[in-house]
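Everything below concerns the one structure shown next.
Throughout, read-outs are computed from the coordinates displayed, never taken from laboratory work. Note that the structure is predicted; figures quoted are calculated from it, not measured. In this analysis, Cβ positions are derived from the backbone assuming ideal geometry, glycine residues included, and neighbour counts consider all displayed protein chains.
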Amino acid sequence: DSWEAWADDFKPLAMRPFAWQPVWVGYDPSFTGDTAALVVIAPPKVPGGKFRLLHRQQFRGADFEAQAEYIRSITVQYNVTFMGIDTTGLGQGVYQNVIKFYPQARAYHYDLALKARLVLKAKQVISKGRLEMDADCTDVAAAFMAIKKVLTPSQRHVTYQSGRSDDIGHADLAWAVMHALDNESLAGDVHGGSSSVEVYE
């Protein structure tokens, strides 16, 4: 259980669960009928170290102002040093509200190159066993597995997409995680075998 494994510095029920240590936040917006997702990730304490998924939240049916307000509450509980938000669709409304209280939030507007970079970074982190999460985060694992490599309609380029289901939306938890991980470059710098995710039973 992650509560035991991380007990030295992570207290989920405390007013400030991770004290003043830095965290990175990723958000993926809701589309019609989908869920939206937010994750809080503890970055590595040393270069090449492990990321920890401290918190995840999915929203169903909440409007963008309500989602932005939830994000604001996260900035009160945690020392957020990076935030990545997909501004596609409803995400633009969330982003415009978030930058009122967190002006340094990074906007992501998807194109082929951005999707490829996000997926490549996630593969790099996960394949090296650098992403830790609690054993009950099966929804996160399912979201990653739902993302598939496909050809664009022109058949000339490869991109990534996910089918929709009631449980995982458009794999929003996975994309939210990728937005947070993107603050570490592919070279391992922080901006401004078989794949495995380490889980705690």
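Taking the number of Cβ atoms within 10 Å of each Cβ as an exposure proxy, the fewest-first ranking of Glu132, Glu69 is Glu69, Glu132. Sites listed here are chymotrypsin sites (Phe, Trp or Tyr not before Pro) in the stretch 1-32 whose DSSP assignment is loop and whose Cβ has at most 16 other Cβ atoms within 10 Å: Trp20, Phe31. The H on the amide N of Arg52, modeled in the peptide plane, is under 5 Å from the matching H of Ala42, Glu132, each at least 5 residues off or on a different chain. Checking the Cα-Cα distances for Lys11/Lys123; Lys123/Lys149; Lys50/Lys148 against a 19 Å cut-off, the pairs over it are Lys11/Lys123; Lys50/Lys148. Exposure proxy for His109, His55: other Cβ atoms within 10 Å of each Cβ, ordered fewest to most, give His109, His55. Counting beta carbons within 10 Å around each of Ser185, Ser162 and listing the fewest first gives the order Ser185, Ser162. Between Lys45 and Asp9, the contour length at 0.36 nm per residue exceeds the Cα-Cα span by 11.7 nm. In the chain, helical runs assigned H by DSSP with n ≥ 4 each contribute -39500 (n - 2.57); averaged across all residues and rounded to the nearest 500, the mean residue ellipticity at 222 nm is -9500 deg cm²/dmol.
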